[in-house]
1. Look through the stretch 1-31, keep the residues that are aromatic (Phe, Trp, Tyr) and open to solvent by less than 50 Å² (accessible area, probe 1.4 Å), and return whichever of them is farthest from Phe86 (Cα to Cα).
2. From the residues in the stretch 4-32 that are part of a loop (DSSP other than H, G, I, E, B), out of contact with any helix residue (DSSP H, G or I) (no Cβ under 9 Å at 6 or more places or on another chain) and not small (Gly, Ala, Ser), which one is modelled with the lowest pLDDT?
3. Going by the conditions given, is Lys57 among the charged types (D, E, K, R), in contact with a helix residue (DSSP H, G or I) (Cβ under 6 Å, 6 or more places away or on another chain), open to solvent by 40 Å² or more (accessible area, probe 1.4 Å) and at negative phi?
4. For the stretch 61-116: of the residues being of a type in the set (Phe, Trp, Tyr) and open to solvent by 50 Å² or more (accessible area, probe 1.4 Å), which is modelled with the highest pLDDT?
5. Determine, yes or no, whether Asp42 is open to solvent by 60 Å² or more (accessible area, probe 1.4 Å) and more than 18 Å from Tyr81 (Cβ to Cβ).
Amino acid sequence: MKLPYGYVLDGEKIVVHEEKADVVRNIFEYYLAGASLGKIVDMLFAKGISSPTGNFKWTRAAVDKLLVNKKYIPIVGVSVYMDAQFEKNRRCNVDYDKAGHPRKSTRYQSSSIEIE
């Protein structure tokens with residue numbers, strides 16, 4: 001079993017790793033302050049904070065997954081977590097119809113690509 005970033009195994013109990021939990025809180029804080037996923041990645045790299053996989057630089061996908069993972073509610077709190085979910089929804093650039101389907105089914109392609 002792989003533990004989420006910010007948690008460690010202490011004997012048989014899963015506990016919060018406070019140093020990494022501060023990183024998680026900072027990620028949520030920066031996101032809610034308006035920072036993009038890319039800016040958060042740059043901030044983590046500038047501070048020398050390695051990714052959950054041990055790489056020197058986080059990926060946008062890793063930050064995005066962290067922001068939607070419900071397992072971070074004990075670290076950031078329900079209010080901050082829900083605010084981040086509403087903010088993610090607000091920033092989403094895909095429109096959906098009443099049935100929940102993406103509104104535009106048209107896929108645009110470069111004019112240099114020939115369609116047969």
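The values are calculated or read from the model by the stated rules, or taken from the named source; none is laboratory data. Keep in mind the model is a prediction, meaning the values are calculated, not measured. Glycine also receives a Cβ, built like all others from the backbone with ideal geometry; neighbour counts cover every protein chain displayed. Note: accessible area is taken over every heavy atom of the protein model, side chains too, but ligands, DNA and RNA are not part of it. Shrake-Rupley method; radii C 1.70, N 1.55, O 1.52, S 1.80 Å.
1. Restricting attention to the stretch 1-31, the residues satisfying the condition of being aromatic (Phe, Trp, Tyr) are 5, 7, 28, 30-31.
With open to solvent by less than 50 Å² (accessible area, probe 1.4 Å) added as a condition, the list becomes 5, 7, 28, 31.
On the way: Tyr5: 22, Tyr7: 25, Phe28: 12, Tyr31: 11 Å.
Across the stretch 1-31, the extreme among qualifying residues is Tyr7.
2. Narrowing the stretch 4-32 to residues part of a loop (DSSP other than H, G, I, E, B): 4-6, 11-12, 17.
Those left that are additionally out of contact with any helix residue (DSSP H, G or I) (no Cβ under 9 Å at 6 or more places or on another chain): 11-12, 17.
Now narrow it down to the ones that are not small (Gly, Ala, Ser): 12, 17.
On the way: Glu12: 89, His17: 93.
Out of the qualifying residues, it is Glu12.
3. Details: among the charged types (D, E, K, R): yes; in contact with a helix residue (DSSP H, G or I) (Cβ under 6 Å, 6 or more places away or on another chain): yes; open to solvent by 40 Å² or more (accessible area, probe 1.4 Å): yes; at negative phi: yes.
Against the criterion (among the charged types (D, E, K, R), in contact with a helix residue (DSSP H, G or I) (Cβ under 6 Å, 6 or more places away or on another chain), open to solvent by 40 Å² or more (accessible area, probe 1.4 Å) and at negative phi), Lys57 qualifies.
4. The qualifying residue modelled with the highest pLDDT is Phe86.
5. Values: open to solvent by 60 Å² or more (accessible area, probe 1.4 Å): yes; more than 18 Å from Tyr81 (Cβ to Cβ): yes.
Yes.
For (1) outside any helix (DSSP H, G or I); (2) in contact (Cβ under 8 Å) with a residue 12 or more places away in the chain; (3) touching an Asp or Glu at 6+ places or on another chain (Cβ under 9 Å); (4) more than 16 Å from Ala21 (Cα to Cα), each residue gets a yes or a no:
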residue: Asp42; (1), (2), (3), (4): no, no, no, yes
residue: Ser50; (1), (2), (3), (4): yes, no, no, no
residue: Ala61; (1), (2), (3), (4): no, no, no, yes
residue: Leu66; (1), (2), (3), (4): no, yes, no, no
residue: Ile73; (1), (2), (3), (4): no, no, no, no
